[in-house]
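*Asks:* Okay, here's the structure, questions in a sec.
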């Protein structure tokens with residue numbers, strides 16, 4: 001009996017293309033994380049993932065923190081808020097928008113007693 005499941009490569013190819021086109025750093029990182037967890041080994045997918053990693057590294061880190069902090073705040077996920085806030089502070093995210101989002105997250109954490 002042969003395996004009738006469709007190949008996983010096209011699924012990743014679409015997800016990678018959509019993440020890159022969106023410019024959404026969090027979506028791009030999620031695609032990378034999922035592909036690594038699930039062991040996407042197709043050479044074409046590995047090449048596309050390498051390009052996606054390179055693109056993520058070229059993007060300003062500060063933009064990622066602002067979006068990620070705001071999304072964590074909206075989600076109410078205390079662990080995620082704490083982890084992102086700690087990382088943003090460690091890595092010196094100094095943009096005023098990042099500092100504003102960071103202050104909002106810290107205030108929420110304080111309000112929750114975290």
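*Asks:* For segment 9-58, just list the percent of Cα-Cα distances falling in each 10 Å bin from zero outward, please.
*Replies:* P(r) over segment 9-58, rounded to whole percents: 29, 63, 8.
*Asks:* Here's a follow-up. Measure off 7 Å from each Cα along the Cα-to-Cβ vector at residue 70 and residue 22, then give the distance between these two points in nanometres to one decimal.
*Replies:* Taking the two extended label points, one gets 1.5 nm.
*Asks:* How many nm separate the modelled label positions at residue 108 and residue 59, each set 7 Å beyond the Cα in the direction of the Cβ?
*Replies:* Each label point lies 7 Å from its Cα, and together they span 1.9 nm.
*Asks:* Within a 10 angstrom radius of the beta carbon, how do 52, 84, 69 rank from fewest other beta carbons to most?
*Replies:* Values: 52 20, 84 23, 69 26.
Going from least to most buried by this count: 52, 84, 69.
*Asks:* Take residue 50 and residue 79, extend 7 Å from each Cα along the Cα→Cβ direction, and tell me the distance between the two endpoints in nm.
*Replies:* Each label point is offset 7 Å from its Cα along the Cβ direction, giving 3.4 nm.
Computed from the coordinates by the stated procedures, all read-outs in this text should not be read as laboratory data. Quick caveat, the model's predicted, so the values are computed rather than measured. All Cβ positions, glycine included, derive from the backbone under ideal geometry; neighbour counts span all protein chains shown.
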